[in-house]
1. Roughly what would the spin-label model give for Asp61 and Leu183, points 7 Å off Cα along C-beta, in nm?
2. How large, in percent, is the carbon and sulfur part of the accessible surface of segment 79-176 at a probe radius of 1.4 Å?
3. Given the Cα-Cα distance of Thr154 and Leu70 and 0.36 nm per residue of separation, how much length would full extension add, in nm?
4. Rolling a 1.4 angstrom probe over the protein heavy atoms, how many square angstrom per residue are accessible across segment 158-197?
5. Give me the Debye-computed log₁₀ of I(q)/I(0) at q = 0.09, 0.13 Å⁻¹ for segment 84-205, equal point scatterers on Cα only, no solvent, two decimals.
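The values are calculated or read from the model by the stated rules, or taken from the named source; none is laboratory data. Predicted model, so just to flag it, every value in this text is computed and none were measured. Cβ atoms come from the backbone with ideal geometry, glycine included; neighbour counts cover every protein chain shown. Heads up: the accessible areas ignore ligands, DNA and RNA and are worked out on the full protein's heavy atoms, side chains in. Shrake-Rupley method; radii C 1.70, N 1.55, O 1.52, S 1.80 Å.
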Amino acid sequence: MPIHPRESDPAVPDPADPAPEGTVRPPRGDLPPSGPQTGPGPDTDEDPGPDAAGGPAPSEDEHTAELKELEDRWRRALADLDNLRKRHARELERERTSERSRTAAAFLPVLDNLELALTHAGSDPGAIVEGVRAVRDQAVNVLELLGYPRHAETGVAFDPARHEVVGVVQDPDAPPGTVVEVLRPGYGDGERQLRPAAVTVAKRE
């Protein structure tokens, strides 16, 4: 069968034919367009956005929620501290009240004996002295049991921590710097001292 050559379409230019001078040939559909590419491609060096590396940035609502949570914790801590301070103050006051009650109760027998001595003073006036002396000894014993022993010794060396000098006397029988007379007994020792003993001291030559 004879093969007839295909007649060329005069409206479609042949790509092999050179274009006439001054004419622009339209691009072919099977060839990539010439010139620089303006859109992003796989080989572009553009910086990645914030969502590409570290994930989505925290929103303002998340920051507000975290700030509110921290503020709530701070307020709860302040409330707990205030409750602790009030509880400690109540316990301290309760201990003080209990200690005062124990001390007052220890002196009730002393008052009972004083009233008993005054009751018998009319029938036997001489017995009042012995009664008062017994009550005094009982009160001294109560103070000693509470941790405040009595100090009324004479002839001992002067101790500024236990004695308060109210006078200096000349006594040839007493060594210089020793206690000659106790005018007011002292009670307690060291940090638990109620008061020092008021004494007179022998004069140093």
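1. The modelled label-to-label distance comes out at 8.6 nm.
2. Details: 4230 of 7220 Å².
Solvent-exposed carbon and sulfur of segment 79-176 make up 59 percent of the total.
3. Length difference between fully extended and current span is 23.3 nm.
4. Details: 2570 Å² over 40 residues.
Ligands and nucleic acids excluded, the result is 64 Å² per residue.
5. After summing over all Cα pairs, the log10 values are -0.43, -0.74.
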